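Taking it in order: structure first as C-alpha cells, then the write-up.
The values are calculated or read from the model by the stated rules, or taken from the named source; none is laboratory data. Fair warning: this is a prediction, and the values are worked out from it, not measured in the lab. Cβ: placed from backbone, ideal geometry, glycine included. Neighbour counts: every protein chain shown. Note: areas computed on protein heavy atoms with side chains; ligands, DNA, RNA excluded. Shrake-Rupley method; radii C 1.70, N 1.55, O 1.52, S 1.80 Å.
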Amino acid sequence: MKALTFSKFGDSDVLEYIEIPAPQLKSDEILVEMKAIGLNFADVYRRKGNYHLKGNPPFIAGYEGAGIVVDANNHPEYKVGDRVAFADVPFANAELVAVNTNHVLPLPEAISFETAASVLLQGLTAHYLATDSHKTQKSETVLIHAVAGGVGQILTQISKLLGANVIGLTSSAEKAKVGFEQGADHVFLYNDDWKSQIFKIVSKGVDVVYDSIGSTLKESFEVTKECGQVVFFGMAGGDPEFVDPRMLMDGSKTLTGGDLWSYLNSKEERIKRATQLFNWITEGKIKLSEPTSFKLSEGKLAHDYLESRKSTGKIILIP
C-alpha cells in the first residue's frame, strides 16, 4: 500500500509518499480502506518531532478519517463494505488502516466520507468543550479564541445551539467574517483593543473563555467575570504564563484543562458523542464549510497550506 511517511523530523520536505507493507491485523482490529483523512496541526507537530508519535520509521501521522471495511477479521458486527470512521486511530495517512474495534464509528449514509474526515476530531473537541469542560447554559456569554479555526467554527455553532451569546477573537477581517458566518454575535481582532471591547458588551466579564492559543491565558482571565471559567485546550500561540492560584482565589475563577482523549475513553462514549455530532449535522443545526482537498500523494502541499494559516476550513487528504 502507499502511505504518507517521514523518517526524520523537520519541515514538510521530510514527507515521502512511498510503498510500505499493509498492516498486519491483530485479533481486535479490522482493516479499513481509507476514502478521506483529516489533516490536523497535531500531524505537523508529529512531523517536527514535538508531539507524541507511535511506531518506528518510516513514521505515519494522522489519527482521523473514514472509509470502508475490506477485512472484518471474523468480527461478526462488521462486514466487508461497511462505511466506518474514526477519530483516534494512529497511522491514518495511508491507503489501508488497522482500526481497533473499540474505536470504530459507524458512518450513517447521510454523512459523506469527506464530512466525517472534516468534522470528527474538531467536532468532538467542540462537543466536549461545550458540554463537559463547561456546561453551557442559555444566555451565558462565551469567548472563543481562534473563532475561525476548525474547532472555533463548530464550537461557535454548538454554543449558539445551547443558547449562549458568542464573542469571537481572530487575526484578520477575512477570518472575522467567517466567525460571523458561524453565528458569532461579536468578533474582534487580536490587533485591536479586544479586552476593552468585551467589557463594553459584558461589563462584568464573560462566563467562560475557550483558550486554544496559550500565550493569551493571562488576558483570558482578565476578561472573565468573578466565578467565571477559562478552559485551556491548546497552545497554538506558545506556552502560557504560569497561573497564580491567588488570582483564582481572589476572583473565585476556575481554570480547566481540556484534552479530547480524556473523553474518548470507551467504545460507547465514542459512538454516543459521534452520533450526537452526526445528528446535529443531518438536522442542519451544524453547518460545515467545504473542506480543502489534497491527494494523499500531495501531503507536502497540504502541510504547507495548513502551516500558512491561510485556511479557514478543514484540510483533508484523499488516497
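What number comes out for the charge environment of TYR210, summing +1 per Lys or Arg and -1 per Asp or Glu over other residues with Cβ under 14 Å away?
-4
Please report the antiparallel percentage of the DSSP beta bridges confined to region 49-166, to the nearest 5.
Among the beta bridges of region 49-166, antiparallel pairing accounts for roughly 75 percent.
Highest mean first, what order results for 48-59, 128-139 on Cβ atoms within 10 Å?
Ranked from most to least packed, the peptides come out as 128-139, 48-59.
Distances longer than 22 Å among the Cα atoms of region 134-257: what percent of all pairs is that?
Pairs farther apart than 22 Å: 26 percent.
Using the heavy atoms of the protein chains and a 1.4 angstrom probe, tell me the accessible area per residue for region 134-257 in square angstrom.
Per-residue value: 47 Å².
Averaging the inverse of every distinct alpha carbon separation and then flipping it gives the Kirkwood radius. What is it for region 18-138, in angstrom units?
Value: 15.2 Å, from the Cα pair sum.
Along the Cα-to-Cβ line of THR101, 7 Å from the Cα, sits a label point; which residues in region 10-48 have backbone N less than 17 Å from it?
Inside the label zone: 25-32.
Would you give the gap between the C-alpha center of region 95-132 and the C-alpha center of region 8-65, rounded to a whole Å?
One Cα centre to the other: 17 Å.
Once you list every other residue whose beta carbon is under 11 Å from the beta carbon of PRO291, what net charge do they have if Lys and Arg are +1 and Asp and Glu are -1?
Charge balance in the 11 Å sphere: -1.
Compute the distance in nm between two label points, each set 7 Å from the Cα along the Cα-to-Cβ direction, one at MET235 and one at PHE9.
For MET235 paired with PHE9, the spin-label model returns 1.3 nm.
May I ask you to order 199-207, 118-126 by the average number of other C-beta atoms within 10 Å around their residues, highest value first?
Highest to lowest by the protection proxy: 118-126, 199-207.
So, by mean Cβ neighbours within 10 angstrom, what's the order for 214-223, 36-45 with the highest one leading?
Ranking the peptides 214-223, 36-45 by packing returns 36-45, 214-223.
So if each residue of separation counts as 0.36 nm, and I subtract the Cα-Cα distance between LYS204 and HIS52, what length gain in nm does that give?
Full-extension gain reported as 50.7 nm.
Given the Cα-Cα distance of ASN74 and THR282 and 0.36 nm per residue of separation, how much length would full extension add, in nm?
Length gained between ASN74 and THR282: 71.7 nm.
Beyond 27 Å, what percent of the Cα pairs of the chain remain?
44 percent
Rounded to the nearest 0.05, what FRET efficiency do LYS310 and SER215 have when you use their Cβ-Cβ distance and R0 = 25 Å?
My answer for the efficiency is 0.75.
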